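Beneath this line is the structure, given in structure tokens, with notes to follow.
The values are calculated or read from the model by the stated rules, or taken from the named source; none is laboratory data. None of these values were measured; they are calculated from a predicted model. Cβ coordinates were reconstructed from backbone atoms using ideal geometry, including for glycine residues, and neighbour counts include every protein chain displayed.
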Amino acid sequence: MKQARRAIACRCAALLTCVSLTGCFSSGNLGLASSIGKDPGDLLTNPHVFRELGPAEGRSCRFFIIAIVPVGNSTFSRAMDKALQESGGDALLNVTTTTSLYGLAPLFNVISFTCTSVRGTAIKIEAIRD
Amino acid sequence: MRAFTSALVLFGITGCVSTGQVGILSRSGADPAALITQANPYEEVGLTSGRSCRHFALNLIPFGDAALSTAVDEALTAVDGDALINVVVSSSLFGFIPYYNLYAFTCTSVKGTAIRFVVDANPEAVIP
């Protein structure tokens, strides 16, 4: 009798774990991503000198509470701006972007959220090359 | 009856969209730094847009790909472009019959001016 109860409890716990958090993510790569502050035409048509600032990453999320109340901003530009603000850079090279969608207690749709993450090498554009 | 219909309409679909702007987005390539260190003359191909979506059925079965790179690829492939400038990016999250969590999807969209690099003008120009 005890063993049967224990088996049922284990199955319930497993089911609860399965349905209490669900999610998935996908990722991709970009070569160059620059903020809106730099003139794209000038950046591309004139040769520039830049300084590598190192790896940078940023993340932005939007939450959806009870599938009715949206909070936050999950755009790529927001995540990139965060990465650039922290590193003091103007653009990112070799960018990996990831978008995710998660649901907490999905049976009751308590909260779901989608996030965009960016990771790349931050650069500071210094001057037009002679 | 009217209240029931209103509630159905209100909760039949819920969603939100947020947007932002980016200067340049280029595909992944061997040497993206060359886009900055070299002069890369280009021609404007025109306005283009791309969209990628991930679907989530019953909050258990995911399918699709909502990565930004997929949306950029779709936009550039449509016009045979090399990069996007002055890009508007948006991210959306929608739920159908959210009370039962029947179906949700998140999409990433890009809209911008597609450009194509002019290789003849600069033989060293890098096409990513």
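Within the bounds of region B:58-68, is there any residue that is closer than 22 Å to A:Leu44 by Cα and either in a loop (DSSP other than H, G, I, E, B) or touching a residue at least 12 places away in the same chain (Cβ under 8 Å) (or both)? Yes, there is a match, as at least one residue in region B:58-68 is closer than 22 Å to A:Leu44 by Cα and either in a loop (DSSP other than H, G, I, E, B) or touching a residue at least 12 places away in the same chain (Cβ under 8 Å) (or both).
Looking across region B:67-91, the residues that are within 9 Å of chain A (Cβ to nearest Cβ) and of a type in the set (Ser, Thr, Tyr) come down to B:Ser69, B:Thr70, B:Ser90, B:Ser91.
Here's the yes/no breakdown for (1) out of contact with any Ser or Thr (no Cβ under 7 Å at 6 or more places or on another chain); (2) farther than 20 Å from A:Leu92 by Cα:
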| residue | (1), (2) |
| --- | --- |
| B:Thr14 | yes, yes |
| B:Val17 | no, yes |
| B:Glu44 | no, yes |
| B:Phe56 | yes, yes |
| B:Gly64 | yes, yes |
| B:Ala71 | no, no |
| B:Gly81 | no, yes |
| B:Val87 | yes, no |
| B:Ser92 | no, yes |
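Of the residues making up region A:69-87, just one is facing chain B (nearest Cβ under 7 Å) and free of Cβ contacts under 8 Å to residues at least 12 places away in the same chain, namely A:Pro70. Taken over region A:66-93, residues that are at positive phi and touching a Pro at 6+ places or on another chain (Cβ under 6 Å) amount to 1.
When region A:47-68 is limited to residues that are facing chain B (nearest Cβ under 9 Å) and among the aliphatic types (A, V, I, L, M), the one that is nearest to B:Asn86 (Cα to Cα) turns out to be A:Val49. Of the numbered criteria (1) touching a strand residue (DSSP E or B) at 6+ places or on another chain (Cβ under 6 Å); (2) within 8 Å of chain A (Cβ to nearest Cβ); (3) not aliphatic (A, V, I, L, M), the one B:Asn101 fails is (1). Each residue in region B:40-57 was checked for being of a type outside the set (A, V, I, L, M, F, W, C) and free of Cβ contacts under 8 Å to residues at least 60 places away in the same chain, and 4 of them qualify.
Taking the conditions exactly as written (in contact with a Leu (Cβ under 9 Å, 6 or more places away or on another chain) and either farther than 15 Å from B:Ile115 by Cβ or surrounded by fewer than 24 Cβ atoms within 10 Å (Cβ to Cβ) (or both)), does B:Val89 satisfy them or not? When the stated conditions are applied, B:Val89 passes them. The single condition among (1) surrounded by fewer than 17 Cβ atoms within 10 Å (Cβ to Cβ); (2) assigned to a loop (DSSP other than H, G, I, E, B); (3) modelled with pLDDT of 80 or more that B:Pro123 does not satisfy is (3).
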